[in-house]
Ligand code: HAM
């Protein structure tokens, strides 16, 4: 039997979970400040949702989905992303019938069968948001500003925002014709998959990573030249809003993103130091997705950010907090005679919210003190012969030289006082 996690997946050990939780709390705080409520959707959905939502000719749907047939003969897929599930839920629960726009955020694992490498996993984690029900560019600006503010809150100030517009269906129709004409002479030299895409969905050719295809795309026309005046105005207004709140961005006319649902705005937030997988965040507007999934016409815009890539970025830039699982107190019991009473005292402390580690076996003082030290306990409580006879315990400060005897009944009270004195001043 294999004793390693499946390729492209990993375990999070307790210390790592502490750090992740800290990051999650910061993320939730910012989402709440902007008025977003958390939504939790299933880990798997009907396969059709992703086929329709993300697009049949995208890399994700063509090559990367974990799809299986369940015992009832239904095709189900582990979610490769969060937008289509949120849209499905928005329609199912008729959230569109509520007043105003709907602001939702989510956090959780996603699954894509990609080739694992640094920053790319098969089970990875995203946090993201979707703003549904507003077509104006201020919504796009809000979403991008929130992402930038969130990274700032975590101490990241030098990430790059790359921005583009893919226009509406009409703009895309014109661009499609331009792409077909651009590749008319070189079509036969494109890779097989690109040749197929050129027929079915020419825009997806731009996702190809094949060096030969990339070379052929060097002089490719920019989509910006095919954008109608309405879409151009939307983009200009978005830029004005971002300028107003001092969000820096670069216009990147090659940015198309790997999903068919995008209309108008697309963006990515990049950390160049991450190497090949440099996008920590990606998003955009999707004004047709709700309708395509069976709901009423509802515009939407959102983003998702990779947790792992964010964590690596925070680590690279020295912004990760030092978190460890250290007990406040370590209880040392020196003889079986009072082990039961010692267990009782330890439990009383735990029930009062004091983080207490208790040795499950009676060992020598030296061995137990060594463990307490290794765990980083702030205090030890020692119950030895003399203490037992006097109905007391010894309280030792592991960082200072203080050592006092405390009446058994007063242990929680004295300990709380000592711990409060040790606690760092709240800022
Ligand atoms: P995406 O660009 O596919 O967009 O993913 C968003 C982010 O998830 C990426 O920028 C990256 O940080 C992370 N990510 C993606 N794939 C992997 C992987 N295999 N391993 C590690 N991290 C990964 C979406 O998923 C869209 N649903 C975003 C969106 C929301 N658009 C509108 N609303």
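The values are calculated or read from the model by the stated rules, or taken from the named source; none is laboratory data. Since this is a predicted model, take the numbers as computed values, not measurements. When we count neighbours, we look across all protein chains shown, and the Cβ atoms used for this are built from the backbone with ideal geometry, even at glycine.
If only one of 382, 404 is assigned to a strand (DSSP E or B), exposed (fewer than 13 other Cβ atoms within 10 Å of the Cβ) and outside the structural domain of residue 26 (by TED's automatic domain parsing), which one is it?
404
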Qualifying residue in region 203-224 (condition: touching a strand residue (DSSP E or B) at 6+ places or on another chain (Cβ under 9 Å), more than 22 Å from residue 63 (Cβ to Cβ) and either in a helix (DSSP H, G or I) or in the same structural domain as residue 263 (by TED's automatic domain parsing) (or both)): yes
Residues being surrounded by 11 or more Cβ atoms within 10 Å (Cβ to Cβ) and farther than 17 Å from residue 330 by Cβ - total across region 387-401: 3
Near pairs, Cβ below 7 angstrom, 6+ apart or cross-chain, from region 1-30 (on the phi > 0 side of the Ramachandran plot) to any residue that is within 16 Å of the ligand (Cβ to nearest atom): 8/116; 8/121; 8/122; 8/123
Complete set of residues in region 48-85 that are more than 16 Å from the ligand (Cβ to nearest atom), in contact with a helix residue (DSSP H, G or I) (Cβ under 9 Å, 6 or more places away or on another chain) and under 24 Å from residue 263 (Cβ atoms): 56
Scope region 350-379; condition within 10 Å of residue 327 (Cβ to Cβ) and in contact with a helix residue (DSSP H, G or I) (Cβ under 8 Å, 6 or more places away or on another chain); matching residues: 354, 356, 357, 358, 378, 379
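State whether the residues of region 131-141 include one that is within 30 Å of residue 216 (Cβ to Cβ), part of a strand (DSSP E or B) and within 10 Å of the ligand (Cβ to nearest atom).
No, region 131-141 contains no residue that is within 30 Å of residue 216 (Cβ to Cβ), part of a strand (DSSP E or B) and within 10 Å of the ligand (Cβ to nearest atom).
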Filter result for residue 88 (more than 12 Å from the ligand (Cβ to nearest atom) and either assigned by TED's automatic domain parsing to the domain that holds residue 243 or surrounded by fewer than 16 Cβ atoms within 10 Å (Cβ to Cβ) (or both)): yes
Positions within region 1-21 being under 12 Å from residue 311 (Cα atoms) and surrounded by 14 or more Cβ atoms within 10 Å (Cβ to Cβ), in sequence order: 17, 19, 20
Those strands (runs of 3 or more DSSP E) lying entirely in region 258-376 with at least 2 residues near the ligand (Cβ under 10 Å from one of its atoms) and at pLDDT 95 or above: 263-270, 279-285, 300-306
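Scan 38, 92, 81, 24 and give me the residue that is farther than 20 Å from residue 124 by Cα and either more than 19 Å from the chain's Cα centre (by Cα) or at pLDDT 95 or above (or both).
Being farther than 20 Å from residue 124 by Cα and either more than 19 Å from the chain's Cα centre (by Cα) or at pLDDT 95 or above (or both) holds for just one of 38, 92, 81, 24, which is 92.
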Looking only at region 95-126, and only at residues there that are closer than 22 Å to residue 242 by Cα and within 12 Å of the ligand (Cβ to nearest atom), the one that is surrounded by the fewest Cβ atoms within 10 Å (Cβ to Cβ): 104
Some residue of region 240-255 being more than 20 Å from the chain's Cα centre (by Cα), at positive phi and without any contact (Cβ under 8 Å) to a residue 24 or more places away in the chain: yes
